[in-house]
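See below for the structure under consideration.
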Amino acid sequence: MTLGFSILLDLRGVQNMDFHKASTIEDIISGAVEHARMTMIDLSSHQFPEQQENPSEIGGTTAFALLEESHISVHTWPETGQVVVDIFSCSDLESAERARDYFMNSITHETEKTTIIRRGEF
């Protein structure tokens, strides 16, 4: 029996600093939830301070959306140009894939890697 699906999306080559800002990530999460026809309960994010090594760059962002179907989390690393997205859906794989596709189409990146895990299977 499958309890749900986790989609792990790793994006590399995210050079546009807007994609590392909490407000932008929140907007993209909201769009992904709507595109996937999921239901958001709450959305929260934190913008980390700039890096000590390079104070002119913004710090990364962590954002979390609590959904009726489960959750979406996003973490960014502007210093390495990476964004990782975790989408867990206890409803169906198709809605999680629609959310993943929205992230891939909304965040300009050079390469991506997707991993899909069936949860609850032994």
Inside segment 13-54, can you point out the residues that are at pLDDT 95 or above, surrounded by fewer than 15 Cβ atoms within 10 Å (Cβ to Cβ) and hydrophobic (A, V, I, L, M, F, W, C)? Ile41
Residue hits (segment 110-122; among the aliphatic types (A, V, I, L, M) and either part of a loop (DSSP other than H, G, I, E, B) or in contact with a helix residue (DSSP H, G or I) (Cβ under 6 Å, 6 or more places away or on another chain) (or both)) are none
Take the conditions touching a residue at least 40 places away in the same chain (Cβ under 8 Å), surrounded by 15 or more Cβ atoms within 10 Å (Cβ to Cβ) and part of a loop (DSSP other than H, G, I, E, B) and apply them to Met1. Does it pass? no
Would you tally the residues in segment 70-109 being touching a Phe, Trp or Tyr at 6+ places or on another chain (Cβ under 6 Å), in contact (Cβ under 8 Å) with a residue 24 or more places away in the chain and part of a strand (DSSP E or B)? 3
Can you tell me which residue in segment 103-122 is nearest to Lys21 (Cα to Cα), limited to those that are loosely packed, with under 10 Cβ neighbours inside 10 Å and at pLDDT below 95? Glu121
Which of the numbered conditions does Glu34 fail, given that it passes all the others? Conditions: (1) part of a helix (DSSP H, G or I); (2) among the acidic types (Asp, Glu); (3) closer than 19 Å to Thr108 by Cα. (3)
Going through Glu69, Glu57, Glu94, Glu34 one at a time, which residue ends up being touching a strand residue (DSSP E or B) at 6+ places or on another chain (Cβ under 6 Å) and acidic (Asp, Glu)? Glu69
Taking Gly60 as the residue in question, decide whether it is small (Gly, Ala, Ser), under 15 Å from Thr24 (Cβ atoms) and in contact (Cβ under 8 Å) with a residue 40 or more places away in the chain. yes
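The values are calculated or read from the model by the stated rules, or taken from the named source; none is laboratory data. Small disclaimer: the values here were computed from a predicted structure and weren't measured. Heads up, the Cβs are rebuilt from the backbone with ideal geometry, glycines too, and the neighbour counts pull from every protein chain shown.
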